[in-house]
Amino acid sequence: MGIHLVEDVSDDTYILDRLDFSWTPARPWLGHQVSWEMNGHLKEPVDLTRVTCNMIMKFGPVKMLDRTYRLPDLLAGVGASLPGDPRPPAGPWRQTWHLRLPEAVPVAEHRILLRARTGRGSNFFALDIALNFSRSFRPRQVPIPCA
(Lines give C-alpha, C1' and ligand atoms only; values in the text may rest on other atoms or scores of the structure.)
Protein backbone atom coordinates (compact mmCIF):
# COMPACT_ATOMS: atom_id res chain seq x y z
CA MET A 1 0.00 0.00 0.00
CA GLY A 2 1.47 3.33 -0.90
CA ILE A 3 0.50 5.96 1.55
CA HIS A 4 0.79 9.19 -0.37
CA LEU A 5 -0.63 11.42 2.28
CA VAL A 6 -2.41 11.34 5.62
CA GLU A 7 -3.74 14.82 6.11
CA ASP A 8 -5.22 16.08 9.35
CA VAL A 9 -8.08 18.31 8.17
CA SER A 10 -9.35 19.06 11.69
CA ASP A 11 -9.86 22.66 12.75
CA ASP A 12 -10.03 24.38 16.16
CA THR A 13 -13.39 22.74 16.93
CA TYR A 14 -11.78 19.26 17.13
CA ILE A 15 -10.77 17.71 20.46
CA LEU A 16 -7.64 16.00 19.09
CA ASP A 17 -5.04 18.64 18.31
CA ARG A 18 -1.48 18.68 16.89
CA LEU A 19 -1.90 15.26 15.33
CA ASP A 20 1.14 13.51 13.82
CA PHE A 21 1.32 10.06 12.15
CA SER A 22 3.84 7.41 11.25
CA TRP A 23 3.54 4.02 9.50
CA THR A 24 5.85 1.02 9.96
CA PRO A 25 6.87 -0.28 7.51
CA ALA A 26 6.57 2.78 5.30
CA ARG A 27 5.68 0.59 2.28
CA PRO A 28 3.68 -2.36 3.64
CA TRP A 29 2.34 -5.22 1.52
CA LEU A 30 -1.31 -6.02 1.24
CA GLY A 31 -2.28 -8.94 3.45
CA HIS A 32 0.44 -8.04 5.97
CA GLN A 33 0.56 -6.07 9.20
CA VAL A 34 1.35 -2.37 9.51
CA SER A 35 1.72 -0.29 12.66
CA TRP A 36 0.05 3.12 12.58
CA GLU A 37 1.16 5.48 15.32
CA MET A 38 -0.81 8.62 16.15
CA ASN A 39 0.50 11.33 18.48
CA GLY A 40 -1.44 14.40 19.49
CA HIS A 41 -2.95 16.39 22.31
CA LEU A 42 -6.46 15.89 23.72
CA LYS A 43 -8.19 19.12 24.71
CA GLU A 44 -10.53 17.17 27.01
CA PRO A 45 -11.03 13.57 28.21
CA VAL A 46 -12.51 11.17 25.62
CA ASP A 47 -14.19 7.79 25.94
CA LEU A 48 -12.65 6.04 22.93
CA THR A 49 -15.13 3.17 23.23
CA ARG A 50 -17.92 5.60 22.30
CA VAL A 51 -16.15 7.38 19.41
CA THR A 52 -17.91 6.91 16.07
CA CYS A 53 -16.09 7.12 12.75
CA ASN A 54 -17.77 7.91 9.45
CA MET A 55 -15.61 6.37 6.72
CA ILE A 56 -16.07 7.25 3.07
CA MET A 57 -13.88 5.27 0.65
CA LYS A 58 -13.59 6.48 -2.92
CA PHE A 59 -12.16 4.59 -5.87
CA GLY A 60 -11.41 7.43 -8.28
CA PRO A 61 -14.59 9.54 -8.41
CA VAL A 62 -16.83 6.62 -7.33
CA LYS A 63 -17.90 6.27 -3.69
CA MET A 64 -17.33 2.61 -2.77
CA LEU A 65 -18.23 2.84 0.91
CA ASP A 66 -19.99 5.30 3.19
CA ARG A 67 -20.46 3.78 6.61
CA THR A 68 -20.30 4.74 10.27
CA TYR A 69 -18.51 2.47 12.76
CA ARG A 70 -17.75 2.61 16.45
CA LEU A 71 -13.97 3.06 16.72
CA PRO A 72 -13.43 -0.33 18.45
CA ASP A 73 -15.44 -2.08 15.71
CA LEU A 74 -13.54 -0.29 12.92
CA LEU A 75 -10.24 -1.35 14.47
CA ALA A 76 -11.43 -4.93 15.03
CA GLY A 77 -12.29 -5.13 11.31
CA VAL A 78 -8.59 -4.75 10.49
CA GLY A 79 -7.33 -6.94 13.32
CA ALA A 80 -6.55 -4.14 15.81
CA SER A 81 -7.84 -3.02 19.18
CA LEU A 82 -7.68 -0.02 21.48
CA PRO A 83 -4.45 -0.28 23.50
CA GLY A 84 -3.98 1.36 26.88
CA ASP A 85 -6.57 3.51 28.60
CA PRO A 86 -9.84 3.58 26.61
CA ARG A 87 -10.80 6.78 28.48
CA PRO A 88 -7.68 8.97 28.28
CA PRO A 89 -7.57 12.29 30.15
CA ALA A 90 -6.84 15.64 28.53
CA GLY A 91 -3.19 16.06 27.60
CA PRO A 92 -0.66 14.22 25.42
CA TRP A 93 -2.18 11.22 23.61
CA ARG A 94 -0.46 8.41 21.75
CA GLN A 95 -1.97 5.35 20.10
CA THR A 96 -0.30 2.59 18.11
CA TRP A 97 -2.62 0.37 16.13
CA HIS A 98 -1.34 -2.84 14.54
CA LEU A 99 -3.52 -3.27 11.46
CA ARG A 100 -3.69 -6.17 9.01
CA LEU A 101 -4.17 -4.80 5.52
CA PRO A 102 -6.75 -6.64 3.43
CA GLU A 103 -5.28 -8.74 0.65
CA ALA A 104 -8.19 -8.49 -1.78
CA VAL A 105 -8.14 -4.79 -2.65
CA PRO A 106 -8.62 -3.52 -6.21
CA VAL A 107 -5.46 -2.22 -7.85
CA ALA A 108 -6.13 1.52 -7.91
CA GLU A 109 -5.75 4.78 -6.08
CA HIS A 110 -8.17 5.18 -3.20
CA ARG A 111 -9.14 8.03 -0.93
CA ILE A 112 -10.47 7.50 2.57
CA LEU A 113 -12.24 10.34 4.35
CA LEU A 114 -12.41 9.52 8.06
CA ARG A 115 -14.45 11.76 10.37
CA ALA A 116 -14.66 10.87 14.07
CA ARG A 117 -17.00 12.20 16.75
CA THR A 118 -17.11 11.58 20.48
CA GLY A 119 -20.01 9.85 22.23
CA ARG A 120 -21.24 13.34 23.21
CA GLY A 121 -21.28 14.43 19.55
CA SER A 122 -18.17 16.64 19.59
CA ASN A 123 -15.72 16.61 16.69
CA PHE A 124 -12.82 14.28 17.57
CA PHE A 125 -10.61 14.14 14.44
CA ALA A 126 -10.85 14.44 10.66
CA LEU A 127 -8.41 12.69 8.32
CA ASP A 128 -8.07 12.47 4.55
CA ILE A 129 -5.95 9.48 3.51
CA ALA A 130 -4.68 8.97 -0.04
CA LEU A 131 -3.70 5.36 -0.83
CA ASN A 132 -2.25 3.67 -3.87
CA PHE A 133 -2.94 -0.06 -3.97
CA SER A 134 -0.77 -0.97 -6.93
CA ARG A 135 0.64 -4.35 -7.90
CA SER A 136 4.01 -3.37 -6.41
CA PHE A 137 2.48 -3.64 -2.94
CA ARG A 138 1.56 -7.30 -3.30
CA PRO A 139 4.08 -10.02 -2.40
CA ARG A 140 5.60 -11.77 -5.38
CA GLN A 141 4.60 -15.37 -5.81
CA VAL A 142 7.68 -17.54 -5.65
CA PRO A 143 7.38 -20.52 -8.01
CA ILE A 144 7.68 -23.92 -6.37
CA PRO A 145 10.23 -26.07 -8.23
CA CYS A 146 8.93 -29.30 -9.68
CA ALA A 147 10.58 -32.48 -8.39
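The values are calculated or read from the model by the stated rules, or taken from the named source; none is laboratory data. Values in this document were obtained by computation on a predicted structure and should not be read as measured data. Here the Cβ positions follow ideal geometry from the backbone for every residue, glycine too, while neighbour counts run over all protein chains shown. Side chains are part of the model used for accessible areas, which takes the heavy atoms of the whole protein and leaves out ligands, DNA and RNA. Shrake-Rupley method; radii C 1.70, N 1.55, O 1.52, S 1.80 Å.
Here are the numbers:
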{"quantity": "For E44, solvent-accessible area (1.4 Å; no DNA, RNA or ligand), Å²", "calculated": "60"}
{"quantity": "Carbon and sulfur %, accessible surface of the chain computed with the full protein complex present, 1.4 Å", "calculated": "54"}
{"quantity": "Exposure ranking of K58, K63, K43 by accessible area [1.4 Å probe, largest first]", "calculated": "K63, K43, K58"}
{"quantity": "In Å², nearest 10: area of H32 left accessible to a 1.4 Å probe", "calculated": "80"}
{"quantity": "Over the chain, relative contact order from alpha-carbon pairs under 8 Å, at least 6 apart, %", "calculated": "34"}
{"quantity": "Correct choice for Kirkwood radius over Cα pairs in Å that was computed from the model, options (i) 15.7; (ii) 16.4; (iii) 17.9", "calculated": "(ii)"}
{"quantity": "CD proxy at 222 nm, helix term only [per DSSP H run n ≥ 4: -39500 (n - 2.57); per residue of the chain; nearest 500]", "calculated": "-1000 deg cm²/dmol"}
{"quantity": "Where a label projected 7 Å from the Cα of R100 along Cα→Cβ would reach, residues of region 26-66 with amide N under 20 Å", "calculated": "26-37"}
{"quantity": "Candidate residues R117, R27: accessible-area rank, largest first, probe 1.4 Å", "calculated": "R27, R117"}
{"quantity": "Heavy atoms of F59 accessible to a 1.4 Å probe, total area in Å² rounded to 10", "calculated": "80"}
